[in-house]
There are 2 protein chains.
Amino acid sequence: MSGNDRTVLDADLARFAAGLFTAAGAPAGDAALIAKALIWANLRGVDSHGVLRIPGYLARIDNGITNPSPDMQITTDLPAAAVLDADQGFGQVALARATGIAIEKASAAGIGLCLIRRTVHMGAIGYFALDIAAEGMAGIAINVSRPNMAYPGARTAGLATSPIAIAVPGSTHAPLILDMATATQSMGKIQLARDTGQKLGKGWAVDADGNPTTDPNKAVIPTALGGSKGGGLSLMFECLTSLTVGNPLIAPFLEAAPDSRQHMQNGLVIAINIAQFGDVGDYAREVDRLADAIKSLPRADGVNEILVPGERGDGVLERRRKTGIPLPDGTWKRLEEVATRLGVAMPKSTPGK
Amino acid sequence: MSGNDRTVLDADLARFAAGLFTAAGAPAGDAALIAKALIWANLRGVDSHGVLRIPGYLARIDNGITNPSPDMQITTDLPAAAVLDADQGFGQVALARATGIAIEKASAAGIGLCLIRRTVHMGAIGYFALDIAAEGMAGIAINVSRPNMAYPGARTAGLATSPIAIAVPGSTHAPLILDMATATQSMGKIQLARDTGQKLGKGWAVDADGNPTTDPNKAVIPTALGGSKGGGLSLMFECLTSLTVGNPLIAPFLEAAPDSRQHMQNGLVIAINIAQFGDVGDYAREVDRLADAIKSLPRADGVNEILVPGERGDGVLERRRKTGIPLPDGTWKRLEEVATRLGVAMPKSTPGK
């Protein structure tokens, strides 16, 4: 980042962010939760899913797309599954509620599924998969958006970069957490290349004519991971979530149906109750053993350390908890604008390095 | 394929294959099922998972790795989940049984999970995900093997190319079926490049020293799809399946523990009962609508048709049902060897084109 960066301690940033959401009409508990999930992404170095999203989140409240005080309802309630209608409330609030429902269902039934319909941007879904792992269960989360990714063979966006997150508890190790988009690279990485003037990797993105480009300024949409594999996963995620809850996002958009360009997300959370299959302590020790075995593999040339899922983010988190979260000047200024408008004081910050 | 190919009608090939498995000690119903699942892969053009596997399957019976007449047991039975211990029986038999259990659990609970432990090669898992779709449910299948794929940063095999299959019912369209390995390319494609003398794609595989190679004769193991993404998925699949059922496959292999090199697979099947969330007919029509919308996307240069998951295989199946399944001379000869040994007559064949 540039010399104009500031750093803000995560607790200060969380208080500030929660203040913004409260001022914009969210209940205090919801505001704190949304702030915590965003700042968790910043702490882990996933700044594309952190506080830089706040001005956009607040704009969606102004535009009537996000309902800051939703009346979320369970519209289907089965022994091991449920549907949560999020009433266009914040994705983080919907995910937290769905996570609780999936855990509750799994506690009795062995597995629990909570589908989420009609919510908005969920942010870093790994946060919620980890909440399930913290209960000694295996957690899976998926979300689906409007098209923003190239489908193999197509010239325009056909599907979303819809991510999947999977988390399992470790014993002395941190939980393993995989949180991956179905795109080759995220739009965030393309934006970063634009900011830094670097070329994109081959095959990352296509231009406005649907042709491959390594020029970040010509790149319009990312490609699907491995072509038909990432594209296929994203397509099937729409089927598993949006179509099951009767709220399709992709087809109406591609048909240019009324209101089909409006931002909206669906998703799902699954919890698998490890304790009903064996001892959770034994399981967690096997997770440690697996992580150790992978990390002990002979390393390829130039590789200093083999990392297991979540480990890179865990390392950044440990550092940023101490040193604070770096915020580029642009992010800071955009936060200042919304803070001024909502009458919220900016958090304490120090010049970054 | 070469001028030495033969073609065999799928019904004749299925009868022949079932005869081999029966002669090797499998119950008639199991033998017919294994044959049908293998030939389904051939019909769809996935010859790497078809009858060319039969000699290897039979050798594993001789070696005591596969139990042709297993006593499979449900060792955990929960309202929405179960564990099936497959007693080292055929993967197809275990998957068929697990599919039935997952469907039964989902019928009442909304979602059903059946974990599978201690089985052998499952073949094309998409066959069983489609069985779930045929019941009007969404089906997911995953399997996990011993390491045969490069983990990002490692010089040797650290994980398996463990696939995932997802299937959903269509209305006038065929069901959508995604069946993908977590590797960039399958070992089968690398073998094909060896046979045809073609170079591999960049990034597909590494050599014995763990360095990237495009020489199919130097390629030893395939790379993980998208590096940390495919590698991460494969790692988490081991956690979701093998570790949950207390039968780890990866860590013991990497530690060179006793018996840890012996072939073995674990897996899972999930069924989601669409009918409890809405009308299955409406769902299937939305699947059609989604497929139509994707197929109608503006095509990139040089693309004749945009395909949805499963469509390529459906097309091959339609042709091969009529014209028969092409078998290369090498496959035919290896089948002839085992047929002679087991006293089974070869199927009727015609010279291929």
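Given that compact globular proteins tend to follow 2.2 N^0.38 Å, what is the ratio of the alpha-carbon Rg of the stretch B:1-91 to that value?
Here the answer is 1.26, to two decimals.
Can you classify the protein assembly as shown as rounded, prolate or oblate using the Cα gyration tensor, where a ≥ b ≥ c are the square roots of its eigenvalues, rounded means a/c under 1.5, and otherwise it's prolate if a/b beats b/c and oblate if not?
prolate
Would you look at the GNM of chain A, springs on alpha carbons closer than 10 Å, and say which of A:244, A:196, A:223 moves the most?
A:196
Restricting to Cα atoms and excluding each atom paired with itself, what does the Kirkwood estimate give for the stretch B:33-179 in Å?
16.1 Å
If the cut-off is 23 Å between C-alpha atoms, which lysines fall inside it for residue A:105, apart from same-chain ones fewer than 8 positions away?
By straight Cα distance, residue A:105 reaches B:105.
So what is the relative contact order for the stretch A:238-332, in percent, with contacts set as C-alpha pairs under 8 Å and at least six apart?
Relative contact order, the stretch A:238-332: 14 percent.
Order these by the 10 Å Cβ neighbour count, fewest first: A:177, A:74, A:190.
A:74, A:190, A:177
Estimate the FRET efficiency between residue B:77 and residue B:207 by the formula 1/(1 + (r/R0)^6), using the beta-carbon distance for r and 56 Å for R0, to the nearest 0.05.
So the FRET efficiency works out to roughly 0.75.
Taking the stretch B:184-223, how much of its Cα-Cα pair set, in percent, is spaced more than 17 angstrom apart?
10 percent
Once every DSSP H run of n ≥ 4 in chain A is given -39500 (n - 2.57) and the sum is divided by its residues, what mean residue ellipticity at 222 nm do you get, rounded to the nearest 500 deg cm²/dmol?
About -12000 deg cm²/dmol.
Report the Cα-based extents of chain A along its three principal axes, largest first, to the nearest Å.
Computed over the Cα atoms, the extents are 53, 52, 47 Å.
Testing the spin-label approximation: label points 7 Å from Cα along Cα→Cβ at residue B:321 and residue A:345. State their distance in nm.
7.3 nm
Going by C-beta contacts inside 10 Å, put A:155, B:117, A:15, A:194 in order with the fewest on the left.
Listing A:155, B:117, A:15, A:194 from fewest to most nearby Cβ atoms yields A:194, A:15, A:155, B:117.
In nm, one decimal, shortest first: how far is the label point of residue A:12 (7 Å from Cα along Cα to beta carbon) from the matching points in the other copies?
Reported distances to equivalent positions: 8.1 nm.
So the label point sits 7 Å from Cα along the Cα-to-Cβ vector; using that for residue A:263, what distances do you get to the other copies, in nanometres, sorted shortest first?
Label point to label point, same position, other copies: 5.2 nm.
Name the chain B residue with the Cβ nearest the axis that maps B onto A: which is it, and what is the distance in angstrom?
B:80, 2
Which of these, A:109, A:271, A:165, has the largest mean-square fluctuation under a Gaussian network model of chain A (Cα springs below 10 Å)?
Of A:109, A:271, A:165, the most mobile in the Gaussian network model is A:109.
Given that compact globular proteins tend to follow 2.2 N^0.38 Å, what is the ratio of the alpha-carbon Rg of the stretch B:226-318 to that value?
After normalising by residue count via 2.2 N^0.38 Å, the value is 1.65.
For each of B:311, B:238, count neighbouring Cβ atoms within 10 Å of the residue's Cβ, then give the residues from fewest to most.
Result, fewest neighbours first: B:311, B:238.
If you bin the C-alpha pair distances of the stretch B:161-215 every 10 Å from 0, what whole percents do you get?
Histogramming the stretch B:161-215 at 10 Å steps yields 21, 36, 23, 15, 4, 0 percent.
Relative to the other copies, what are the label-point distances for residue A:351, with labels 7 Å from Cα along the C-beta vector, expressed in nm at one decimal and sorted shortest first?
Copy-to-copy label distances at residue A:351, shortest first: 8.5 nm.
Laboratory data are not the source of any read-out in this text; all were calculated from the coordinates shown. Small disclaimer: the values here were computed from a predicted structure and weren't measured. So basically every Cβ, Gly included, is an ideal-geometry build from the backbone, and we count neighbours across all protein chains shown.
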